[in-house]
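The values are calculated or read from the model by the stated rules, or taken from the named source; none is laboratory data. Note that the structure is a prediction, hence the values are computed from the model and not measured. With ideal geometry, Cβ positions are generated from the backbone for all residues, glycine too; neighbour counts draw on all protein chains shown. Surface areas here come from the heavy atoms of the whole protein model, side chains and all, with no ligands, DNA or RNA. Shrake-Rupley method; radii C 1.70, N 1.55, O 1.52, S 1.80 Å.
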Amino acid sequence: MSSMNEKEKVRKRYDRWSRVYDAFDLGGVTYEKRFAADALGLKGTEKVLDFGTGTGAILPYVAGKLKTGKVYAVDFSEKMLERARTRVRKTGIQDRVEILRDDCENLSFPSDFFDCAIATFAFTSLPHPQKGAMELARVLKPSGRFAVLETGKPKKWYLLPYYWLIKPVARVFGYTYIDRNVPEYLVNAGLEILAIYRFGLTYCIKGRKREVEKH
Ligand SMILES: C[S@@+](CC[C@H](N)C(=O)[O-])C[C@H]1O[C@@H](n2cnc3c(N)ncnc32)[C@H](O)[C@@H]1O
């Protein structure tokens, strides 16, 4: 399968999912999503990337932490973005949010543009997650902070049956690969991981882009 077909398949799948995504509360503002946003330690002036925003569930929470800053929410599914636009309008946060249709594996932003980036359940859905990690690293400023929330294999043995159950379902219905080693993609892209917090089936990776070394 060519990579273009693969991307189109994922994008079309999310276009279809958009109708029920929020109804199933897949796009809910969970404790873990708020935790990831808090991990950015926002001061209010930052330019923040929401990488694979989907229906924009986290946008009101992130925008609520910004004064002069702005959150740029990107996704390649126009139908998911329609939902995000409605959410932004209804919550009256248009002045702090910009929604753009863009490819997380080939972002249209210049290098070193963002102070912070958040990605919730995006890396396990990207057709080419390593390319996405490289792009995240490129668009972050040196010392820029990131928080990546993902689903993955739990440490606690009693959660393993849920993991084994969800894994094939997520793969078939959402092209979501929860067995991916997301920290490895981020490290391969040159990003520094500061901490990993585990919440049962999900985990949050907090990190930053390294400073440019001065010689
Ligand atoms: C599981 S959803 C997560 C959405 C949202 N962040 C959340 O937490 O509910 C994954 C999203 O990634 C988007 N996505 C996948 N690959 C992408 C790509 N290459 N470029 C842009 N968006 C992509 C999908 O369209 C989908 O909206």
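Okay, residues lined up against (1) farther than 19 Å from K7 by Cα; (2) out of contact with any Asp or Glu (no Cβ under 7 Å at 6 or more places or on another chain); (3) of a type in the set (G, A, S):
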| position | (1), (2), (3) |
| --- | --- |
| G56 | yes, yes, yes |
| P60 | yes, yes, no |
| V71 | yes, no, no |
| V88 | yes, yes, no |
| P110 | yes, yes, no |
| F113 | yes, yes, no |
| P129 | no, yes, no |
| M134 | no, yes, no |
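Per-residue answers, yes or no, for (1) more than 14 Å from the chain's Cα centre (by Cα); (2) in a helix (DSSP H, G or I); (3) of a type in the set (F, W, Y):
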site: G56; (1), (2), (3): no, no, no
site: V62; (1), (2), (3): no, yes, no
site: V71; (1), (2), (3): no, no, no
site: T86; (1), (2), (3): yes, yes, no
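Applying a threshold of 7 Å to beta carbon distances and a minimum spacing of six or more residues, or different chains, the list of pairs starting in the stretch 193-214 at a residue that is assigned to a loop (DSSP other than H, G, I, E, B) and ending at one that is among the small types (G, A, S) reads R210/G190; E211/S143. Within the stretch 126-133, can one find any residue that is in contact with a Gly (Cβ under 6 Å, 6 or more places away or on another chain), assigned to a loop (DSSP other than H, G, I, E, B) and among the aliphatic types (A, V, I, L, M)? Checked against the condition, which is being in contact with a Gly (Cβ under 6 Å, 6 or more places away or on another chain), assigned to a loop (DSSP other than H, G, I, E, B) and among the aliphatic types (A, V, I, L, M), the stretch 126-133 yields at least one hit.
Within the stretch 148-165, is even one residue within 14 Å of the ligand (Cβ to nearest atom), in a helix (DSSP H, G or I) and open to solvent by 20 Å² or more (accessible area, probe 1.4 Å)? No, the conditions are met nowhere in the stretch 148-165.
Scanning the stretch 174-215 for residues that are in contact with a Leu (Cβ under 8 Å, 6 or more places away or on another chain) and among the charged types (D, E, K, R) turns up K206, R208, K209, R210. Scanning the stretch 199-215 for residues that are modelled with pLDDT of 95 or more and open to solvent by 40 Å² or more (accessible area, probe 1.4 Å) returns K206, R208.
Taking the criterion of being in contact (Cβ under 8 Å) with a residue 40 or more places away in the chain and open to solvent by 20 Å² or more (accessible area, probe 1.4 Å), the residues of the stretch 97-119 that qualify are I99, D103, F109, F113, D115. The residue that is nearest to the ligand (Cβ to nearest atom), among those in the stretch 33-45 that are open to solvent by 10 Å² or more (accessible area, probe 1.4 Å) and outside any helix (DSSP H, G or I), is L42. Only a single item in (1) at positive phi; (2) open to solvent by less than 10 Å² (accessible area, probe 1.4 Å) is not met by L49, and it is number (1).
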